[in-house]
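One structure below.
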Amino acid sequence: MKRTLFILTLLALTLAACGTAPSIGAITPPFVDPGIDPESWAVVPAGVFPYGQHDHMTEVNGYEIMVTDVTNEQYARFLNEALADGTIQVGEVEVEAGELVWRETGVYGAYPGDPFNGYEHEEEIKAGNKLYIATTIEGLRLTFDGTQFAAIHEYSNHPMTMVTWFGANAYCQYYGWRLPTEIEWEKAARGTELVNGHGLPYPWGEHIERNNANYYSSFDLFEKMFGKLGNTTPVGFFNGKTYDGYATLDSTSPYGLYDMAGNVWQWMGDDYPDQHYRMMRGGSFYTYEVDLRVWKNNSAGPQYYSPQVGFRCAR
Amino acid sequence: MQFVKDRFDYLFRSTRGLTLVAIAVVSVITAIFGTLSGPMVEWGIKDITVRVLGMKLVEAEREGRIIMLYHTIAMTVTAIEVYFMTEMLSMKRHEQTIINGVITTGYLTAVIFGLLFAYWGHNFIFHGLFLVGQSLVFFAGILLAIALNPWKKEYLLDKDSPHARSKGGLDLERVAFFVMAIAMLISATFGAVTGSFWGNGHETFLGEDLIRNPHKTELQKAIIGHLHIMLTLLAVGITLIVGRWVKFKGVLHKIAMPLMIIGIIGTTTGALSVVWLEWAHTIIYVGSTFIMLAALMWVIYSWDMLIKEGTAGIKKPNFFQKMGALLKDPLKFGPGWQMVFMNFTVSGVGIFMAVKLEEIFRVWPHREERITLTGHWHILSALVATIILMYFADLSGLKGKVRKWFGWAIIILSDVAFGSATVFSMKRLFVDEINQQGVVNTTMLLMDLGLGIVLVILAMFMVWRLYDLLQKKGHWANEYAAERRLNAETELVEQKRKIEELNAILKEVSK
């Protein structure tokens, strides 16, 4: 009897865990306005800063970087402009990743390719049309009526996700900008301050609290609604405001940037020789807080897209 | 006073006692430092641990802290395996005493000061003592290798021995233990040499973070080779130990031991040659295949033995009777099963990753590849730990229902956790990223539940041993008496041999 009870309890727990799990693709959150302007830019002056986990003092030229990630609304606007002037097309395009080749329907545009050395495990990124976003997949926060793209209202100020590196790069280049390099991104995230010989591990300081950022099991407003794996939050959400009883901490970086830790990984502009993986920085709502430390990176092929990867531009 | 002296003698002068102390040390480390990650962070336990114990956790030092934590656990597990070896393999009493004494001092010093340095602030005296501790463990390894010397006359096997032997009579099982000890010493040297460059051209890193760097430094490669082979050799060590436990012998033993020796040499050579050789992985694959085949021989032997013993009174046992006999004693069945299970959660995953690297794993983001990598070696470590626990529970004389519940709970719950961890790490194979919430919730729950209950069972076992230790005529007293009797008998044989040897010399001289 006791044995049966034990097994039944185990089964019940398992079923309980399986039963209440929504798909991120199916979630529609309420519209929340944090009041941060996604069109704003921050100036990062030239100078040295502690780079990487081991704080190597590194010199960087001055540049400007977006205060927030590019939003769904901004990306929809870009798609409409680029579609109108013929820079991009909508249709079926071949996608290559590792040894795999397949076709996907979506937005695509031309890419000149990466230099290829034939190094062990090096993946060749050939010139040609590349997928920016797939339009027939779950999780895209944009709609397309055959002529125009539009952001889903509730997600309009959330970071643009499900976008490949090619799509992120194309957005920045279309407006004469570029994706930030890893070094630029990190300086913008942590600044130049040294505390006890170390640079800041998080954009706002030395420690992380649950309401500093959107990460796995951070119990933010949206996680409370949709489960601990969570969802994206609007850009600039963690700005010290209280939303529906959920109080956030002002979590800007030393240069006033939002979401430099958590919410979504951000594509970087670097193309390293002999590999061509594209780096991402910042951690996401899918990751534990250790991945939110400013020096941690992630990488994937430039064709990769995900509900937890977005970007911002630099100039 | 006598009360304390008796317990101290048992805990620090007997193999069982020393093993019990080491298992207690690992349990305490797991109980405290396990609260600093995973679900314990989610539940806010980490904050309590840090506050109550006054830990100083600097974010940039997390990887360094973890590396020191791994080392302290590895030193303790190495000590446990060495205790088992010095007890079960023939060697002189003074050799056993010195080896156990040195390694105990070593691992305890490394654990105490390593953890103090890592988690309570960078006092470099602590770091120095951490290195002293590790050096003592290394020195104990040298002493062990000397004691294991299989070419000594007294350790040669007779022609009609049921154990694997060379033409000249070398005990090939002893050779396997000896080769493993030497391989460990060489592999530890690789780690130590690189460690000595710490802060002078070598920076702390976790192997899984570098996996996609096309250009790694020699020091980084040496560390990657070191960490892989040390864990592999610990797994080899426990395989050889449980072989002795079930008195592995006969034809399968004669096939397994040469395979094991070649496997150890091959895998170690391959793992360490990653520093220089592009094709080192090929050597590793070949070497590890030999090791796995040797382990397979052991599994076949032990299961066959369990079936034969369990059906001894039945003339023609049917399938179900055989299965009943096989599964009758989970502590004896478990180690073999865990080795088989390892193929699904460790070796299988590793081979699948290697075969499908370009097609699957390099298409996934680095973080997912990292999860799979860390997952599979955490599972291997934990499997080794469960086998140690089963063996020690048997040594502790668990009987009846407690033995069955303990054994089956360890096997089932750990396998549920390891299986879930494997599914978690491979989830992209069968669920889109956008729909992973369900898989993540379920697998995380099963991992937490499985490992959590195993740890509770371990805690109960340790509490029982602690309670037993407080009894006048507890189990500990019997263990200690039995060990003292055995030691005295061995010593007597040794003394008789020595007297005969001296008499022979006197006789020869007087001629």
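When the alpha carbon gyration tensor of the stretch B:1-148 is reduced to an equivalent ellipsoid, the three semi-axes, largest first, read 31, 17, 13 Å.
When the listed pairs B:K308/B:K328; B:K322/B:K404; B:K159/B:K247; B:K249/B:K496 are checked against a 20 Å cut-off, the alpha-carbon distance exceeds it for B:K249/B:K496. Seen against the Cα atoms of chain B and their longest principal axis, helix B:93-119 is set at about 20 degrees.
Spherically averaged projected area of the convex hull of Cα atoms, the stretch B:202-291: 6.4 nm². With a 10 Å cut-off around each Cβ of B:436-449, the average count of Cβ atoms from other chains is 6.
Pair-distance distribution of the stretch B:335-470: all C-alpha pairs, bin width 5 Å, starting at 0; shares per bin in whole percent are 2, 9, 18, 20, 16, 12, 9, 6, 4, 2, 1, 0.
Each Lys and Arg contributes +1 and each Asp and Glu -1, all at the Cβ; summed about the Cα centre of the stretch B:1-148, the dipole is approximately 320 debye. Residue by residue along B:364-370, Cβ atoms of other protein chains within 10 Å of the local Cβ number 6 on average. How would you classify the stretch A:34-310 from its alpha-carbon gyration tensor, with a ≥ b ≥ c the square roots of the eigenvalues: rounded for a/c under 1.5, else prolate if a/b is greater than b/c, otherwise oblate? Oblate. Rounded to the nearest whole Hz, the Karplus-based 3J(HN,Hα) values (6.51 cos²θ - 1.76 cosθ + 1.60, θ = phi - 60°) of the stretch B:359-372 follow the sequence 8, 10, 5, 7, 8, 6, x, 3, 4, 5, 5, 4, 4, 4, with x at glycine and proline.
When only Cα pairs below 8 angstrom with a gap of at least 6 residues are kept, the stretch A:106-194 shows a relative contact order of 23 percent.
Taking 0.36 nm per residue of separation and subtracting the Cα-Cα distance, full extension of the segment from B:S27 to B:K498 would add 165.3 nm. In a reduced charge model with +1 at each Lys and Arg Cβ and -1 at each Asp and Glu Cβ, chain A shows a dipole moment near 960 debye about its Cα centre.
Structural descriptor for chain A: relative contact order 22 percent, calculated from alpha carbon pairs under 8 angstrom and at least 6 residues apart.
Counted as membrane-span-like here are DSSP H helices of chain A whose alpha-carbon atoms extend 24 Å or more along the helix's own axis and whose Kyte-Doolittle mean is 0.5 or above; these are A:2-19. Computed from phi, the 3J(HN,Hα) profile of the stretch B:476-490 under the Karplus parametrisation 6.51, -1.76, 1.60 (θ = phi - 60°) reads 4, 5, 5, 4, 5, 4, 4, 5, 5, 4, 4, 4, 5, 5, 4 Hz, with x in place of Gly and Pro.
Taking the square roots of five times each eigenvalue of the Cα gyration tensor of the protein assembly as shown, the equivalent ellipsoid has semi-axes of 55, 28, 27 Å, listed largest first. Couplings 3J(HN,Hα) for the stretch A:234-245, derived from phi with the Karplus relation 6.51 cos²θ - 1.76 cosθ + 1.60 (θ = phi - 60°), are x, 5, x, 5, 8, 10, x, 7, 10, 10, 6, x Hz, where x marks Gly and Pro. Taking amide H positions as modeled 1.01 Å from N, with prolines and chain starts lacking one, the residues under 5 Å from A:Q308 and 5 or more places away or on another chain are A:M162.
Of all lysines in the structure, those lying under 26 Å Cα to Cα from B:K472, and not within fewer than 8 positions of it along the same chain, are B:K5, B:K399, B:K401. If only the Cβ of Lys and Arg carry +1 and only the Cβ of Asp and Glu carry -1, the dipole of the stretch A:22-87 around its Cα centre is close to 160 debye. Once the C-beta distance of A:E122 and A:H54 is scaled by a Förster radius of 25 Å, the resulting FRET efficiency is 0.40 to the nearest 0.05. Dividing the summed helix terms, -39500 (n - 2.57) for each DSSP H run of n ≥ 4, by the number of residues in chain A produces a 222 nm estimate of -5500 deg cm²/dmol to the nearest 500. Within the listed set A:N61, A:N212, A:N239, the residue fluctuating most in the Gaussian network model of chain A (springs between alpha-carbon atoms under 10 angstrom) is A:N61. Peptide B:353-359 shows a mean partner chain C-beta count of 2 within 10 Å per residue C-beta. Near the amide H of A:L142, within less than 5 Å, lie the amide hydrogens of A:I152, all on another chain or at least 5 residues away, with H placed in the peptide plane. In this structure, the amide hydrogen of A:R278, modeled 1.01 Å from its nitrogen in the peptide plane, lies closer than 5 angstrom to those of A:A300, A:G301, counting only residues at least 5 positions away or on a different chain.
Where a number appears in this text, it was derived from the coordinates with a stated rule and is not lab data. Everything quoted here is computed from the prediction, not taken from an experiment. Here the Cβ is made from the backbone with ideal geometry for all residues, glycine too, and neighbour counts use every protein chain on show.
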